[in-house]
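Input: a single structure, listed below in structure tokens.
The values are calculated or read from the model by the stated rules, or taken from the named source; none is laboratory data. Bear in mind the structure is a predicted one, so any value in this text is a computation, not a measurement. Positions of Cβ are backbone-derived with ideal geometry, glycine not excepted, and every protein chain shown enters the neighbour counts.
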Amino acid sequence: MATLLLKNADILVTMDGERREIANGGLYAEDGVITMVGPTASLPQTADQEIDASGQIVLPGFVNTHHHLNQTLTRNLPAAQNNNLFPWLKAHYRIWAKTGPEASRTSALIGLAELALSGCTTVFDHSYLFRSGNKVDYQIEAAHDLGVRFHASRGSMSLGESKGGLPPDDCVENEDDIIADSIRVVDRYHDARRGAMTRIVLAPCSPFSVSEDLLRETAALARDKKVMLHTHLCETLDEERYTLERFGKRPVDWMEGLDWLGEDVWFAHAIHVDDEEITKFAHTGCGAAHCPCSNMRLASGIAPIKKYMKAGIRVGLGVDGSASNDSSNILLEARQAMLLARLKMGLLPPEGPRKNFLLSQSHPLRADEWMTAREALELATIGGASVLGRDDIGALAAGKCADFFTINLNTIAYAGALHDPVAAVLFCAPQNAHYTVINGQIIVDKGEIATMDMAPVIEAHNAHSRQLATS
């Protein structure tokens, strides 16, 4: 039985039921599962592998609930720098369609490594464009080789321009082929066991790129196979206009009619919703992936995250595509979630006794209206775990997976901020992880990827990126 001891952390943030923050804390794990958490003095004194976290803060591994790993190949394209969603997609579709197996593998490795360096231990990737020999298998292989806990999607696009969709016809797939490959991928890779390193999600891309028939069939298949469902929804006003004009319904009502609301469903973005739709999400158990950086980058809007939280809706964070972010830094995403929620407060229309509250100290905001640093960290950890339907990750407690990361507190960036080290993680500039551990294995060691030599991966990735952009 392989054992792991982490000891001497300045502070260990558990995110457990009591939200304990343990000074001089540590944890002990056996075969990738935590068996003890507490002050260092209360733990076994030796293990097969030991991490001295002196001068560091320890947090549960972050959970990324929405990403597009292959988009690392098309970061910062000049033609897509100043566009909102629909023209941004049109600038990318045909480039993404040329992504072959090796380009797909290297892009997954780059995105997953960047995520691990920012404290992410579990990643959901929404892949939906499988042309040029690309398959989700190559991303699953990359995650396995790097050592990252991975939820992969067999996504899809089937509705080309000739049928009223947004993507070009040469970028979509036949629906029978989509369903057949979805069955193959679930049967081959999905692991429903506690502590699983690989799970599969079925994820048609969006309301404007798949047919109603495919949405219904995918929902039925997912429930038969007992896997989760995911798609983009309510991301932009263009999408809302599309469903109103094509189906006579707003996106949420339209998806409800296709059996796409439920506890096994979560939506990416979920920005443009009204109070009735928020109530519907809460009643049916739908989750949401909040992607603040992408939403700002594409001028999509500000999701009502505090309303979601107040309604009891499961909310996690997503870094979204590396071409709409253009980063895979989930610690930065958590910081932006906190800041954007605060901006949303300042944009509320003046009403009642708080009219002109920004110009007056007589009616300050209530404490529960602020997005706090700890709330944002909850979104990144236990919130994301809940969105992905997992109770074995997202917190540091006995019986949970040994997924965590550490940050060195003795840095210029944190100087003067350690009155509250936990809040400093988000209030101050995002720092790279010193250690990232997944399933009891060290993936990031002293700020460097430990499981793979990344230099040749970067070189190959950049070559693929140049070739795709110019071919």
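Number of residues in the stretch 28-79 that are outside any strand (DSSP E or B), over 21 Å from ALA108 (Cα atoms) and in contact (Cβ under 8 Å) with a residue 60 or more places away in the chain: the value is 4. Evaluated against (1) surrounded by 15 or more Cβ atoms within 10 Å (Cβ to Cβ); (2) farther than 28 Å from ASN295 by Cα, LYS90 falls short on exactly one condition, (2). What is the one condition in (1) modelled with pLDDT of 95 or more; (2) assigned to a loop (DSSP other than H, G, I, E, B) that ARG131 does not satisfy? All conditions pass for ARG131, except number (1).
Name the single residue, out of those in the stretch 116-148 being hydroxyl-bearing (Ser, Thr, Tyr) and over 17 Å from the mean Cα position of the chain (by Cα), that is surrounded by the fewest Cβ atoms within 10 Å (Cβ to Cβ). The selected residue is SER132.
THR122 falls short on exactly one of the conditions (1) in contact (Cβ under 8 Å) with a residue 12 or more places away in the chain; (2) among the hydroxyl-bearing types (Ser, Thr, Tyr); (3) over 26 Å from ASP392 (Cα atoms), and that condition is (3). Does the stretch 8-16 include one or more residues that are outside any strand (DSSP E or B), touching a Pro at 6+ places or on another chain (Cβ under 6 Å) and either of a type in the set (Asp, Glu) or within 27 Å of ARG390 (Cα to Cα) (or both)? Yes; the residues of the stretch 8-16 include at least one that is outside any strand (DSSP E or B), touching a Pro at 6+ places or on another chain (Cβ under 6 Å) and either of a type in the set (Asp, Glu) or within 27 Å of ARG390 (Cα to Cα) (or both). Those residues that are under 20 Å from MET157 (Cβ atoms) and surrounded by fewer than 22 Cβ atoms within 10 Å (Cβ to Cβ), I need them from the stretch 96-115; list them, please. Hits for the stretch 96-115 are ALA97, LYS98, GLY100, PRO101. Those strands (runs of 3 or more DSSP E) of the stretch 404-457 in which at least 2 residues are among the aliphatic types (A, V, I, L, M), considering only elements entirely within it, cover 435-438, 441-445.
Per-residue answers, yes or no, for (1) β-branched (Val, Ile, Thr); (2) farther than 16 Å from PHE404 by Cβ; (3) over 25 Å from the mean Cα position of the chain (by Cα):
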residue	(1), (2), (3)
VAL13	yes, no, no
ASP16	no, no, no
ALA41	no, yes, yes
ALA47	no, no, yes
LEU59	no, no, no
HIS66	no, yes, no
PRO78	no, yes, yes
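Within the stretch 422-447, the residues that satisfy the criterion of being out of contact with any helix residue (DSSP H, G or I) (no Cβ under 7 Å at 6 or more places or on another chain) and surrounded by fewer than 19 Cβ atoms within 10 Å (Cβ to Cβ) are GLN441, ILE442, ASP445, LYS446, GLY447. Here HIS68 does not fit the description of being out of contact with any Phe, Trp or Tyr (no Cβ under 9 Å at 6 or more places or on another chain) and outside the structural domain of ALA415 (by TED's automatic domain parsing).
Residues of the stretch 244-264 include none that is in a strand (DSSP E or B), free of Cβ contacts under 8 Å to residues at least 60 places away in the same chain and closer than 23 Å to SER182 by Cα.
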